[in-house]
Amino acid sequence: MLPRAFTLALCLSLPLLAQAQAAFTLTTPDGADNALLSRANAANTGDCGGDNVAPALSWSNAPAGTRSFAVVLHDPDGQKGLGVDHWVHYGITGDGLEGSAGGLGGTNSKGLTTYSGPCPPVGENPHHYVIQVYALDLAPDALPAGLTREALLGQIKGHILGNTSVVRRYGR
């Protein structure tokens with residue numbers, strides 16, 4: 001009787017296992033969570049010493065029904081804890097983003113619609129940079145260009161199918 005019960009339980013659980021999906025995951029070439037941002041990702045203004053190149057991102061296992069993605073790079077330590085938005089990008093299709101290719105530029109804290117690399121004050125503890133990717137049920141052209149992070153989050157509320165993030169650090 002036990003083998004039959006086991007077989008029956010296994011047969012009943014197979015459809016559930018088939019529906020289970022691997023976790024929506026964000027990866028970057030520079031490795032594990034809490035790694036240092038590359039100097040190339042730092043701002044290229046003043047004495048920041050970087051190349052202002054947006055980090056290359058790739059993601060996998062997007063939730064079913066995903067039509068587009070949004071990316072936000074936020075520094076919660078910037079402006080003495082008030083936060084700085086370095087990158088707001090959305091309307092992205094595919095499974096990654098190299099630089100600013102594809103999608104629409106939102107408005108960052110400097111008023112730019114492009115990536116703006118970090119340049120924390122010299123001598124401060126390294127800042128934390130949260131890179132968040134949202135899987136959305138919105139068409140890639142559903143949102144207007146130029147949204148701030150706050151406006152974007154308001155617009156995508158109710159349309160987020162999943163999210164994934166990594167934290168990077170950078171200091172001078």
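The values are calculated or read from the model by the stated rules, or taken from the named source; none is laboratory data. From a predicted model like this one, the values you see are computed outputs, not experimental measurements. Positions of Cβ are backbone-derived with ideal geometry, glycine not excepted, and every protein chain shown enters the neighbour counts.
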Among the residues of region 94-104, write down those that are farther than 15 Å from VAL53 by Cβ and either at pLDDT 95 or above or more than 13 Å from the chain's Cα centre (by Cα) (or both). GLY94, GLY102, GLY103, LEU104
Extreme residue, farthest from the chain's Cα centre (by Cα), among residues of region 81-93 that are β-branched (Val, Ile, Thr) and over 13 Å from ARG149 (Cα atoms): THR93
Condition check: surrounded by 14 or more Cβ atoms within 10 Å (Cβ to Cβ), hydroxyl-bearing (Ser, Thr, Tyr) and over 19 Å from GLY49 (Cα atoms). Does THR114 satisfy that? no
With respect to ALA70, is the statement that it is over 16 Å from SER109 (Cβ atoms), at pLDDT below 95 and not aromatic (Phe, Trp, Tyr) true? no
Among what's in region 131-168 and is surrounded by fewer than 15 Cβ atoms within 10 Å (Cβ to Cβ) and not small (Gly, Ala, Ser), pick the residue that is nearest to ASP47 (Cα to Cα). VAL167
